[in-house]
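S.K.: Pasting in a structure now, in structure tokens, and then I'll have a few things to ask.
Since every read-out is calculated from the coordinates, none of them should be taken as a lab result. Since we're looking at a predicted model, the values are computed, not measured. When we count neighbours, we look across all protein chains shown, and the Cβ atoms used for this are built from the backbone with ideal geometry, even at glycine.
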């Protein structure tokens, strides 16, 4: 499986799980802080995995790729948004090597509480749960829109932005990053994107009690992609949740941007 690297090539290994939509370029947010704190961030291109891999086979393939990179040594995990769901499931398969986890804007199981109506992606998730064929049609439409009018797709996705995500949505560098993410998800790896959404909306609360790594949560108070209440559900369910950092006025991506330095410092201090 292909991957990208950021930070210090000789530093402590940190495996990053990008969001959904997402891409390996997302991990660049950590590059400068990772260099300063002697950390090597690796982000795997899981969307490009064989399309027929689902369920346990999918997570095991990711775990095997990580083990190959880790070479028997301990490593840390950072997950973002729905990528936290994948990170948690994979962590159970490599539990003996995961030192600590940091989950940013984490998307908790939808079955844990009535979150859907407060989520910006509620239409996508409801279709994926109840009308998968319509979800597939919507995904293909988004893919077409991404190819012919990416600015319109960006405007649709960030039209409901809250908190500091509103300011981010006006930043040219952030727009370039999101354009890469959308192209990777909708134009190049649509089946991988659909797989992650389909896996996420299934019941998976039972996995949480088996995630033994020391875990820290980072969440924006204005997040309307993954409501901040999700961090409370995860705090209660995860057996070794050490801390919950709530960032005032931050939303989804702004939480990722604002937490990157703190995460890298925490990883170094506990190494």
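S.K.: For mean projected area of the Cα convex hull in nm², several values are listed as (1) 14.5; (2) 12.6; (3) 13.5; flag the one computed from this structure.
M.R.: Only one listed value fits the structure, namely (2).
S.K.: Sorted from fewest to most neighbouring beta carbons within 10 Å, what does the list 221, 215 look like?
M.R.: 221, 215
S.K.: Relative contact order for segment 2-110: what percent, with Cα pairs under 8 Å and sequence separation of 6 or more?
M.R.: For segment 2-110, the relative contact order is 30 percent.
S.K.: Another question, then. Please state the shape class of segment 170-218: rounded when a/c is under 1.5, otherwise prolate if a/b exceeds b/c and oblate if not, all from the C-alpha gyration tensor.
M.R.: The shape class here is oblate.
S.K.: Still on this structure, I have one more. Roughly what angle does helix 253-269 make with the longest principal axis of the chain, taking Cα atoms, 0 to 90 degrees, to the nearest 10?
M.R.: 10 degrees
S.K.: Further question: List 264, 255, 241 from most exposed to least, where exposure is judged by having the fewest other Cβ atoms within 10 Å.
M.R.: Fewest to most other Cβ atoms nearby, the residues stand as 241, 264, 255.
S.K.: I've got another one for you. Between rounded, prolate and oblate, where does segment 101-198 land on the alpha carbon gyration tensor, with a ≥ b ≥ c its root eigenvalues, rounded for a/c under 1.5, else prolate if a/b exceeds b/c?
M.R.: Because a/c hits 1.5 or more and a/b fails to exceed b/c, segment 101-198 counts as oblate.
S.K.: Another question, then. Taking the chain as a Gaussian network, Cα atoms linked when under 10 Å apart, which of 150, 109, 172 shows the biggest mean-square fluctuation?
M.R.: Answer for the Gaussian network model of the chain: 172.
S.K.: Same structure again: Where a ≥ b ≥ c are the square roots of the eigenvalues of the C-alpha gyration tensor, would you call segment 114-271 rounded, which needs a/c under 1.5, or, failing that, prolate if a/b is larger than b/c, or oblate?
M.R.: Note, shape of segment 114-271 comes out oblate.
S.K.: So how tilted is helix 132-148 from the main axis of the chain? Cα-based, degrees 0 to 90, rounded to 10.
M.R.: 90 degrees
S.K.: Still on this structure, please answer the following. When DSSP assigns beta bridges and you keep just the ones with both residues in the chain, what percent turn out antiparallel, to the nearest 5?
M.R.: Of those bridges, close to 15 percent are antiparallel.
S.K.: Using the 10 angstrom Cβ neighbour count as an exposure proxy, how do 160, 269 rank, fewest first?
M.R.: 269, 160
S.K.: For the chain, what's the relative contact order in percent, using C-alpha pairs closer than 8 Å and at least 6 residues apart?
M.R.: Rounded, it is 24 percent for the chain.
S.K.: Another question, then. Picking from 92, 197, 152, which is most flexible by a Gaussian network model of the chain using Cα springs under 10 Å?
M.R.: Of 92, 197, 152, the most mobile in the Gaussian network model is 152.
S.K.: Please give the helix 83-93 orientation as an angle from the longest Cα principal axis of the chain, in degrees from 0 to 90, rounded to the nearest 10.
M.R.: 40 degrees
S.K.: Next question. Averaging sequence separations of C-alpha pairs under 8 Å and six or more residues apart, then dividing by the length of segment 160-271, give the relative contact order as a whole percent.
M.R.: 31 percent
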